[in-house]
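**Q** A single structure is presented below for examination.
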There are 2 protein chains.
Amino acid sequence: MNEMIQLMKDHRSVRHFEDKRLTKEQIKEIVTAAQSASTSSFVQAYSIIGVSDQQKKEKLAELAGNQGFVADSGHFFVFCADLHRHEVIAELEGIDLTESIESTEKFMVALIDAALAAENASLAAESMGLGICYVGGLRNQLQEVSEVLKTPDHVIPLFGLAVGYPAKRNAQKPRLPMNHIYHENEYEQDKDIYIQELQAYNEVISAYYKERTAGKRDDTWTSQIAGMFERKKRMYMKQFVQEKGLDKR
Amino acid sequence: MNEMIQLMKDHRSVRHFEDKRLTKEQIKEIVTAAQSASTSSFVQAYSIIGVSDQQKKEKLAELAGNQGFVADSGHFFVFCADLHRHEVIAELEGIDLTESIESTEKFMVALIDAALAAENASLAAESMGLGICYVGGLRNQLQEVSEVLKTPDHVIPLFGLAVGYPAKRNAQKPRLPMNHIYHENEYEQDKDIYIQELQAYNEVISAYYKERTAGKRDDTWTSQIAGMFERKKRMYMKQFVQEKGLDKR
């Protein structure tokens, strides 16, 4: 296993940072790494907003569900799906691109582009000895987040990436068994095998929680996911995305 | 700049592979690296289908728009947004999770999860001296692709990742200027600056194409994007995704 793969396998979220800001040079290095990621047909349909302003960081921490580490991070990046750029191109080129821009296909492209860039940014930061945590909680209140970041139509802030000097690193949660995530030549057709794999994983996760909580937490992955999905988070999303002019047709 | 960042900055697509398959060990290394990526609230809403069967590879190459390198690759991975797993969990836990599973929010989560994992897979492969190319062309005919891969409802094949021993590496296309992708504290509000940046980038891209084609290709980025968006690709996507039970509410 080489160093790069070792770094990936060693990844864990960091939610406790030292009180130290990233330098301009570090930020530049991270953003340039992000930009080096692949982009669908060269469309570059994403933007990154780097938040250093302390008031804004605190506001975003609050909007993300009072996640204090957002405010404490060395730098807070917000990754956005961005087709505003392409709307401006339509104006520049004197052509109507609305149908494309509003399509589900291009919405998907923008999400994928943003996530590919974000993962490069994360790994670049980690390779520099920094810690990271994705912050999906930003999607709790996207209207307010958009106002803080002044994003125009056709731009959706997708998630934050808190980066900083790690004060404490989380434990690594065991992932689904490789066989369950990875299928050979076609998707697993045998439902019994599929369910057996989930149940085997439940035992792994259950043991993990028990060990971490001295026996107090008795939970399985499937029950955790079921509970989470039952709470129906962020059901306003479809309307929000469409009002911003994306995923409409 | 450390080695990891150097590797990222050196990334370019590879569309010409030597006739050599990946080993099981290499595939395992790549998939494990993919699984080490962050996943939104631990939902792990993606799957990877690894295609080694030559007939299937050829069929997928054809469906992706006759991209022969898909068939020639050392291994062809297909990254899928996957909420089928969560549908099975609903059954296992005896609970109805339809509203969550069908939400735009969870569709976004699945896309982001899949893309984060894919970028780890790409970098892991590159760190092993392999070349990669994302294949968005799979989305040209997703119904047929789903049939080849036998994906169930709530699973959308998003893109392929062709991996193999590079026979020839593409040149690296210059990215948008960092200032244009990266905003400080809020999105750029000055449209003139925004347009100036696009125009400056047009000159960079124009020079790049001229140099690469001995003056034959005279193209700008904005005209290229305008042309691409005007062609309105994959407008069936919304219907397809919704028929698969995602992004519905």
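**Q** Would you confirm whether or not the stretch B:52-70 contains a residue that is closer than 30 Å to A:Gly227 by Cα and either in contact with a Ser or Thr (Cβ under 9 Å, 6 or more places away or on another chain) or within 7 Å of chain A (Cβ to nearest Cβ) (or both)? Steps first, answer last, please.
**A** As a first pass, look at the stretch B:52-70 and keep what is closer than 30 Å to A:Gly227 by Cα: none.
The answer is no, given that none of the residues of the stretch B:52-70 is closer than 30 Å to A:Gly227 by Cα and either in contact with a Ser or Thr (Cβ under 9 Å, 6 or more places away or on another chain) or within 7 Å of chain A (Cβ to nearest Cβ) (or both).
**Q** Considering each residue of the stretch B:166-184, count those that are surrounded by fewer than 17 Cβ atoms within 10 Å (Cβ to Cβ) and either modelled with pLDDT of 95 or more or under 24 Å from A:Ala90 (Cα atoms) (or both), and give that number.
**A** Qualifying residue count for the region: 7.
One line per residue, one yes/no per condition, for (1) out of contact with any strand residue (DSSP E or B) (no Cβ under 8 Å at 6 or more places or on another chain); (2) among the β-branched types (Val, Ile, Thr); (3) more than 22 Å from B:Leu60 (Cα to Cα):
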| residue | (1), (2), (3) |
| --- | --- |
| B:Val155 | no, yes, no |
| B:Pro166 | no, no, no |
| B:Asp190 | yes, no, yes |
| B:Ile195 | yes, yes, yes |
| B:Ala200 | yes, no, yes |
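**Q** Mind counting the residues in the stretch A:51-75 that are of a type in the set (Gly, Ala, Ser), surrounded by fewer than 21 Cβ atoms within 10 Å (Cβ to Cβ) and either in a helix (DSSP H, G or I) or on the phi < 0 side of the Ramachandran plot (or both)?
**A** Pass one, the stretch A:51-75, residues of a type in the set (Gly, Ala, Ser): A:52, A:61, A:64-65, A:68, A:71, A:73-74.
Of the ones still in play, those that are also surrounded by fewer than 21 Cβ atoms within 10 Å (Cβ to Cβ) are A:52, A:65, A:68.
Those still in the list that are either in a helix (DSSP H, G or I) or on the phi < 0 side of the Ramachandran plot (or both) too: A:52, A:68.
Qualifying residue count, the stretch A:51-75: 2.
**Q** In this structure, does B:Lys150 turn out to be of a type in the set (Lys, Arg) and over 28 Å from A:Cys133 (Cα atoms)?
**A** So B:Lys150 fits the description; yes.
**Q** Shifting gears a bit: Starting from the stretch B:1-12, keep only residues that are part of a helix (DSSP H, G or I), then list their pairs with residues that are among the β-branched types (Val, Ile, Thr) whose Cβ atoms are within a distance under 7 Å, requiring at least 6 positions of separation or different chains.
**A** Within 7 Å, the pairs are B:Lys9/A:Thr32.
**Q** Can you pull out the residues in the stretch A:102-112 that are assigned to a helix (DSSP H, G or I) and more than 8 Å from chain B (Cβ to nearest Cβ)?
**A** Selection gives A:Phe107, A:Ala110.
**Q** Moving to a separate point now. Quick one: which of A:Gln143, A:Gln199, A:Gln239, A:Gln224 is surrounded by fewer than 17 Cβ atoms within 10 Å (Cβ to Cβ), of a type outside the set (A, V, I, L, M, F, W, C) and either under 27 Å from B:Ile48 (Cα atoms) or not assigned by TED's automatic domain parsing to the domain that holds A:Ser47 (or both)? Break it down stepwise before answering.
**A** Values: A:Gln143 fails: either under 27 Å from B:Ile48 (Cα atoms) or not assigned by TED's automatic domain parsing to the domain that holds A:Ser47 (or both); A:Gln239 fails: either under 27 Å from B:Ile48 (Cα atoms) or not assigned by TED's automatic domain parsing to the domain that holds A:Ser47 (or both); A:Gln224 fails: surrounded by fewer than 17 Cβ atoms within 10 Å (Cβ to Cβ).
The match here is A:Gln199.
**Q** While we're here: If we scan the stretch B:83-93, do we find a residue that is within 9 Å of chain A (Cβ to nearest Cβ), without any contact (Cβ under 8 Å) to a residue 12 or more places away in the chain, farther than 26 Å from B:Met228 by Cα and of a type in the set (Gly, Ala, Ser)?
**A** Yes, some residue in the stretch B:83-93 is within 9 Å of chain A (Cβ to nearest Cβ), without any contact (Cβ under 8 Å) to a residue 12 or more places away in the chain, farther than 26 Å from B:Met228 by Cα and of a type in the set (Gly, Ala, Ser).
**Q** Here are the criteria: (1) closer than 20 Å to B:Gln141 by Cα; (2) more than 8 Å from chain A (Cβ to nearest Cβ); (3) assigned to a helix (DSSP H, G or I). Tell me which single one B:Val78 does not satisfy.
**A** Here B:Val78 meets the rest and fails (3).
**Q** What residue, among those in the stretch B:85-101 that are part of a loop (DSSP other than H, G, I, E, B) and over 31 Å from the mean Cα position of the chain (by Cα), is surrounded by the fewest Cβ atoms within 10 Å (Cβ to Cβ)?
**A** B:Gly94
**Q** Going by the structure shown, is A:Ser41 facing chain B (nearest Cβ under 9 Å), closer than 23 Å to B:Asn185 by Cβ, of a type outside the set (A, V, I, L, M) and not in a loop (DSSP other than H, G, I, E, B)?
**A** No: the conditions fail for A:Ser41.
**Q** Report the residue count in the stretch A:226-249 for those that are of a type outside the set (A, V, I, L, M, F, W, C), part of a loop (DSSP other than H, G, I, E, B) and over 28 Å from A:Gln196 (Cα atoms).
**A** 8
The values are calculated or read from the model by the stated rules, or taken from the named source; none is laboratory data. Only a predicted model underlies this, so the values are computations on that prediction, with no experimental measurement involved. Cβ atoms come from the backbone with ideal geometry, glycine included; neighbour counts cover every protein chain shown.
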